[in-house]
1. Quick check on my filter: what residues within region 1-20 are within 14 Å of residue 33 (Cα to Cα) and surrounded by 10 or more Cβ atoms within 10 Å (Cβ to Cβ)?
2. Assess whether residue 48 counts as being at pLDDT below 80 and out of contact with any strand residue (DSSP E or B) (no Cβ under 6 Å at 6 or more places or on another chain).
3. What single numbered condition from (1) surrounded by 10 or more Cβ atoms within 10 Å (Cβ to Cβ); (2) in contact with a strand residue (DSSP E or B) (Cβ under 7 Å, 6 or more places away or on another chain) fails to hold for residue 36?
4. Across region 1-56, what is the total count of residues that are part of a helix (DSSP H, G or I) and out of contact with any helix residue (DSSP H, G or I) (no Cβ under 8 Å at 6 or more places or on another chain)?
């Protein structure tokens, strides 16, 4: 197929797939577009998972078990200043 090249590992298994978008066979274009969308979605999910994990680390550090108990502190109230 024009525009798609596969590089095999020493055992003959596909290892690298390269796509030349400028020389791509028009019959393969919808397949390649779907593949690129799939890869983009996986990248976004991976980034979300990494951000979620980093957020958990920061929140756990900020609100760990040694956090003081504030239950006896009165809630802040706004007084009418007219």
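The values are calculated or read from the model by the stated rules, or taken from the named source; none is laboratory data. Everything numeric here is computed off the predicted structure, so don't read it as measured data. A quick note on method: Cβ atoms are made from the backbone with ideal geometry, for glycine too, and the neighbour counts reach across all protein chains shown.
1. 3, 4, 19, 20
2. Criteria not met by residue 48.
3. Failing condition for residue 36: (2).
4. Final tally of qualifying residues: 29.
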